[in-house]
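**Q** Here you go, one structure.
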Amino acid sequence: MNSTVTEPLQIAVVVGSTRPGRLGPAVAEWFLDRARARPELTPAVVDVGDIELPHSFGAPAPGLAPAAAALAAADAFVVVTPEYNHSYPGALKNLIDLHSAEWRAKPVAFVSYGGVSGGLRAVEHLRGVFAELHAVTVRDTVSFHNPWGRAEGGRLRADPESDAAAATLLNQLVWWGEALRTARANRPYGS
């Protein structure tokens with residue numbers, strides 16, 4: 001075990017759905033409970049449902065400043081996404097595309113939810129998008145198949161399988177987050 005004490009990793013948990021009645025906040029809160037239990041992590045939430053995203057590039061977007069600051073400050077990301085029509089939500093795509101340097105040389109992990117696929121098709125589409133932005137995607141994910149009956153009072157009920165998947169994801173995210181933070185500090189990406 002490395003005895004070097006480092007600052008906690010700043011992780012941005014991006015909630016990717018804007019639909020009325022969305023399950024995203026409950027899934028994000030479930031994940032945040034696990035992330036907050038890790039002393040090496042300091043999580044913050046970026047919720048696309050709270051951001052007035054422009055519909056076209058170059059359009060004024062004064063509401064983006066807090067999200068841009070949170071993304072820029074992050075050492076790592078966890079994207080919480082539903083699967084809509086075999087992919088991820090358009091508002092999430094807008095948030096991703098309106099920022100590029102913020103994602104560069106940082107790890108991205110995924111917590112997905114949906115019908116029988118558990119949102120995994122959305123995750124596979126997102127991997128290609130983040131590769132283009134020079135981000136590193138974490139291999140293991142957490143996925144919830146047909147989770148709607150598991151939410152009570154805005155909270156998602158835990159289960160041992162999902163808890164184990166979250167622990168694996170967090171272990172990988174911490175490893176990549178620390179490695180890439182050190183690498184960026186020693187030599188800026190692209191130099």
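The values are calculated or read from the model by the stated rules, or taken from the named source; none is laboratory data. What you see is a predicted model; the values in this text were computed from it and never measured. Virtual Cβ from ideal backbone geometry, glycine too; neighbours counted across all protein chains shown.
**Q** Condition (residue is in contact with a Gly (Cβ under 7 Å, 6 or more places away or on another chain) and farther than 27 Å from Gly58 by Cα) applied to the stretch 112-135: is it met by at least one residue?
**A** yes
**Q** A further question on this structure: Are any residues in the stretch 132-177 in contact with a strand residue (DSSP E or B) (Cβ under 7 Å, 6 or more places away or on another chain), more than 12 Å from Trp30 (Cα to Cα), assigned to a helix (DSSP H, G or I) and among the hydrophobic types (A, V, I, L, M, F, W, C), and if so, which ones?
**A** Ala165, Leu169, Leu173, Val174, Trp176
**Q** Still on this structure, please answer the following. Phe77 fails exactly one of the following numbered conditions: (1) surrounded by fewer than 19 Cβ atoms within 10 Å (Cβ to Cβ); (2) in contact (Cβ under 8 Å) with a residue 24 or more places away in the chain. What is the number of that condition?
**A** (1)
**Q** If you go through the stretch 137-189, how many residues are touching a residue at least 12 places away in the same chain (Cβ under 8 Å) and either under 19 Å from Gly119 (Cβ atoms) or surrounded by fewer than 18 Cβ atoms within 10 Å (Cβ to Cβ) (or both)?
**A** 30
**Q** Looking at (1) crowded, with 22+ Cβ neighbours inside 10 Å; (2) modelled with pLDDT under 95; (3) farther than 20 Å from Gly177 by Cβ, find the lone condition where Gly58 falls short.
**A** (1)
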